[in-house]
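Asks: Quick one: the structure is below, and I'll ask about it shortly.
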Amino acid sequence: MSSSDTPSAHDLQALATATPERTDAFWMPFTANRQFKKSPRLLASAEGMYYRSVDGREVLDGTAGLWCVNAGHGHPHIVGAIQKQAATLDYAPAFQMGHPLPFILAERLAAIAPDPLKHVFFTNSGSESVDTALKIALAYHRVRGEGQRTRLIGREKGYHGVGFGGISVGGMVNNRKFFGSMLPGVDHLPHTLDIKRNGFSRGLPARGAELAEDLERIVALHDASTIAAVIIEPISGSAGVVLPPEGYLKRIREICDKHGILLIFDEVITGFGRVGKAFAAQRFGVVPDMITTAKGLTNGAVPMGAVFTSKGIHDAFMHGPEGAIELFHGYTYSGHPLACAAALATLDVYESEGLFEKSIELGPYWEDAIHSLKGLPNVIDVRNYGLVGAVELAARPEGVGQRGYEVFNRCYFEQNLMVRCTGDVIALSPPLILNKEHIDRIFDRLAATIRATA
Ligand SMILES: Cc1ncc(COP(=O)(O)O)c(C=O)c1O
C-alpha cells in the first residue's frame, strides 16, 4: 500500500494482526490499549444496520456506533451532501466572517426545539457543547449583574464529556480522580439509580422523585445567590442508562425556577429522536434553559455539537455597543461547512423517514424484548425507555466490569453483535431505522451470550 492509497480491509487486517507493533503508535481513547491490541475489534465499513469487520463479518449495530448513527450507516443522502459540500466550500472562517449554512441550519434546528430554545451556538463535540453551556450560564448571570452566581451543580453518575467543565460537573469517578481538583465551587445531586426499589421497571421508575429535593439542601448550604446552573442528563447514558423517576425532572425544574438557577439538559445522547421526540425535554414535558447536543446532529458522520439557548439568555447578551463582541467564546470549526451539510441532510432524513417517531412506535416491542432477558443468569436489572436499553449483570467476584466486558467481547466475536459495556451494564441504543427482526436478532444474540458467560 502506498502512503496515499486508502487502506483496504485486507491492509487493515494485515496491519492489525500480522504486525501488532504497527498498532502501537495510536493511543486509543477510553480503551484498554494493551488488551485491545492483542485482539483488535476493527471495523472496515458500514451500511444501514450493519458494520463489516476487517475479517469480513457482518456485525449488527446495537449501539448506533456510540449513540450517534440514528439514521443508520452510510445513508446516501447524507454521504452525497458531505461529498458535494467538500467540493464547494471546504472551510470559511468562523469569527467575524460567515457562510450561509450555519444560519440555515440554526433556523431549522430552532424549529424543532421546544419553545423558547430558539438560539443555537455551534461546537464540534458533546464535550465542547457542555463547556460552552456552562460558560454561557456563568456569563449570562454576569451580564445581568449577578456575577456572584458561579457555582455549578452536576449529579453523581453524570457524564458530560471530558473537558475540565464537563468532568467537574460529571459524576463518574474514573473520569475525575486522575485530573486534579478541577473547577472550584461545584456540587453534585445524588443519582437516581435504585435497583432495590425500582429493579426491572418497565419505562420510567415509579419511585425516587423525592431525590430532586436534594437540590433544596444544596441551595440551603450554598445560598441560591451563588448558584449559576444545574446540569443533568434527562437519561444518563454513559453511567449505564439511569432513568429519571416519574416526576423527578419536573421537580428539578420547579426548584431551579424558584431560585433563579438555570437548568441545562445534556441531550448529547437523548437528542434527535432517541426517545421519540426531537429532544427528551419534549417527551418528558420539561423545558430547560439550555440543551447541549452533538452525536445524532450529524448522524455521527462529521463531528459537530450544538447548544440551544432560550431567547432570554441570548437576548441578555445583545446589549452595549453594536461593534462589541458579545460572547468571547467559539471554535475555529464552529459551523464548519461539512458539518453543517451533514446536519442539514441528517435532518432531512429524520423528517422524510419519520425517525423521531420510531422510538414510540417500536418502544413497546423493544420493551418486551429486553425484559424477556429477566431470569437469565446474573441479570440483576433491566432498564428501558424509547429505543434505549440496559441489562445490568452481577459483577464477578474477581472484579467489577469483568463480566460486562466478556459479554461485550463475546457478542462481537461470537455473535456478530455490537453492544456497549460500562462496568457490568450492557447498554443498547440501536440506529432508529431498525425493525422488529433486528430487535429479535439483538436480543437472541445477547441472551445466548449472557447464558454462555454465566
Ligand atoms: C451526555 C453526554 N454529554 C457529553 C458527551 C461527550 O460527547 P463527546 O464525546 O462528543 O465530547 C457524551 C458522550 O457520550 C454524553 O453522553
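The values are calculated or read from the model by the stated rules, or taken from the named source; none is laboratory data. The shown structure was predicted, so the numbers you read here are calculated from the model rather than taken from an experiment. As a convention, Cβ positions derive from the backbone with ideal geometry for all residues, glycine included, and neighbour counts pool all protein chains shown.
Asks: Being among the aliphatic types (A, V, I, L, M), outside the structural domain of V302 (by TED's automatic domain parsing) and either within 16 Å of the ligand (Cβ to nearest atom) or surrounded by 22 or more Cβ atoms within 10 Å (Cβ to Cβ) (or both) is true for just one of V54, V120, V130. Which residue is that?
Replies: Matching residue, one of V54, V120, V130: V54.
Asks: Taking segment 201-225 on its own, how many of its residues are under 20 Å from G260 (Cα atoms) and outside any helix (DSSP H, G or I)?
Replies: Looking only at that region, the number is 1.
Asks: Write out, first by first residue and then by second, each pair whose Cβ atoms fall under 7 Å of each other, whose residues are 6+ apart or on separate chains, and whose first residue, in segment 151-169, is assigned by TED's automatic domain parsing to the domain that holds T123 and touching a residue at least 12 places away in the same chain (Cβ under 8 Å) while the second is aromatic (F, W, Y) and away from the ligand (no atom under 11 Å from the Cβ).
Replies: I167/F179
Asks: Let me ask something else about it. Among the numbered conditions (1) within 16 Å of the ligand (Cβ to nearest atom); (2) in contact with a Pro (Cβ under 8 Å, 6 or more places away or on another chain); (3) farther than 30 Å from G363 by Cα, tell me where L152 comes up short.
Replies: Among (1) within 16 Å of the ligand (Cβ to nearest atom); (2) in contact with a Pro (Cβ under 8 Å, 6 or more places away or on another chain); (3) farther than 30 Å from G363 by Cα, L152 violates only (2).
Asks: I've got another one for you. When you scan segment 121-179 for helices (runs of 4 or more DSSP H) that lie fully inside it, which ones turn up with 2 or more residues that are touching a His at 6+ places or on another chain (Cβ under 8 Å) and under 22 Å from G305 (Cα atoms)?
Replies: Helices (runs of 4 or more DSSP H) meeting the threshold: 126-143, 164-169.
Asks: So, in segment 41-92, exactly how many residues are in contact (Cβ under 8 Å) with a residue 60 or more places away in the chain and either in a loop (DSSP other than H, G, I, E, B) or of a type outside the set (S, T, Y) (or both)?
Replies: 34
Asks: What's the number of the only condition in (1) more than 24 Å from the chain's Cα centre (by Cα); (2) touching a residue at least 12 places away in the same chain (Cβ under 8 Å) that G147 fails to meet?
Replies: Failed condition: (2).
Asks: Select the helices (runs of 4 or more DSSP H) contained entirely in segment 343-454, then report the ones holding at least 2 residues which are within 26 Å of V54 (Cα to Cα) and among the aliphatic types (A, V, I, L, M). Quick ask: steps written out before the conclusion?
Replies: Numbers: elements: 358-371, 402-415, 436-452.
Once the helices (runs of 4 or more DSSP H) in segment 343-454 are filtered for at least 2 residues that are within 26 Å of V54 (Cα to Cα) and among the aliphatic types (A, V, I, L, M), what remains is 436-452.
Asks: Also: Looking at segment 343-363, I want the residues that are under 20 Å from L101 (Cβ atoms) and have a partner that is of a type in the set (D, E, K, R) with Cβ atoms under 6 Å, at least 6 apart or on another chain. Which pairs are those?
Replies: Correct list of pairs: L347/R108.
Asks: Which one of T309, T270 is crowded, with 23+ Cβ neighbours inside 10 Å, of a type in the set (S, T, Y), under 20 Å from the mean Cα position of the chain (by Cα) and within 16 Å of the ligand (Cβ to nearest atom)?
Replies: T270
Asks: Quick one: N384 ticks every box in (1) within 30 Å of V143 (Cα to Cα); (2) at pLDDT 95 or above except a single one, so which number is it?
Replies: So N384 meets the others, but not (1).
Asks: Out of curiosity, is D289 surrounded by 22 or more Cβ atoms within 10 Å (Cβ to Cβ) and in contact with a strand residue (DSSP E or B) (Cβ under 7 Å, 6 or more places away or on another chain)?
Replies: Against the criterion (surrounded by 22 or more Cβ atoms within 10 Å (Cβ to Cβ) and in contact with a strand residue (DSSP E or B) (Cβ under 7 Å, 6 or more places away or on another chain)), D289 qualifies.
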